[in-house]
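To keep things clear, I will list the structure first and then write my remarks on it.
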Amino acid sequence: MSYIGTPIDTTNQFQSLQGKRFSGDASTTAFTLDVAPSSVFDIEVFVENVRQDPNSAYSLSGTTLTFSAAPSSGTNNIYVIHQAKAVGTIEVLDSAITTAKINDNAVSFAKLDSTNQSFVKSIPQSGSAKTSSYTLTTSDIGSFIEVGSSGAITIPNSTFSAGNAISLFNNTTGNVTVTCSITTAYIAGTNTDKSSVTLATRGVATILFISGTVCAISGNVS
């Protein structure tokens, strides 16, 4: 996750600017740096305390600094300061990411785990209307399934967990068959295991999974 807010909690440390000194001899033009700058503009080069023009006074190739003309003789009369230097990777600690640091509306429903999706008040639709035989999947949890013309629903066995819930909406002028392949399926308020149930026209039903092998169906079903 990208960094948001302050302060930064990090296990890495920024590195100090680095410098290098050389002695000119009026003939040598190439000098070796300890770190390879990315550009001539990433360093400041001074000869006899006079800053050199990065556009014309010197060039870079890796760690080799080459002057256009050999600097005059002098002990440590050349010095280089690295203005841009790699730093350690910033790691934002989990404890630093709080609710206050997350922008409003920044987290979409799809980014919530299945537990927190259950707390969202709106019920999203899972895919498009089902117009053929469709078997429920875990991606349907917390959503509603629209059943269109020629559609049918199957509740599979050993797929869901206790507390998972899925809603069905029969958006047709006729009844829709819900096949209960799950081991045990009850219509809420009854004690009879159903191998299939009928969802009435324009009816809504919710399937609550008691376990992977048991569910209860409430709503416009018979």
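The values are calculated or read from the model by the stated rules, or taken from the named source; none is laboratory data. The structure displayed is predicted, hence computed values, not measured ones. Note that we place each Cβ from the backbone using ideal geometry, even for glycine, and neighbour counts take in every protein chain shown. Note: areas computed on protein heavy atoms with side chains; ligands, DNA, RNA excluded. Shrake-Rupley method; radii C 1.70, N 1.55, O 1.52, S 1.80 Å.
Quick rundown of the values:
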{"item": "Modelled FRET efficiency - R0 35 Å, D94 with T64, Cβ distances, 0.05 increments", "result": "0.20"}
{"item": "Share of carbon and sulfur in the accessible heavy-atom surface of the chain [1.4 Å probe, %]", "result": "49"}
{"item": "Accessible area per residue in Å² at 1.4 Å probe, computed on the chain", "result": "58"}
{"item": "Cα-based Rg and Dmax for the chain, where Dmax is the largest Cα-Cα distance (Å)", "result": "34.8, 102"}
{"item": "Helix-derived mean residue ellipticity, 222 nm - over the chain, DSSP H n ≥ 4, -39500 (n - 2.57), to 500", "result": "-500 deg cm²/dmol"}
{"item": "Where only C-alpha atoms are counted, convex hull volume of the range 158-210 per residue in Å³", "result": "81"}
{"item": "DSSP bridge orientation in the range 112-194 - percent antiparallel, rounded to nearest 5", "result": "10"}
{"item": "C-alpha center-to-center spacing [the range 21-44, the range 117-182] in angstrom", "result": "69"}
{"item": "Relative contact order %, the range 47-201, counting alpha carbon pairs below 8 Å whose residues are six or more apart", "result": "13"}
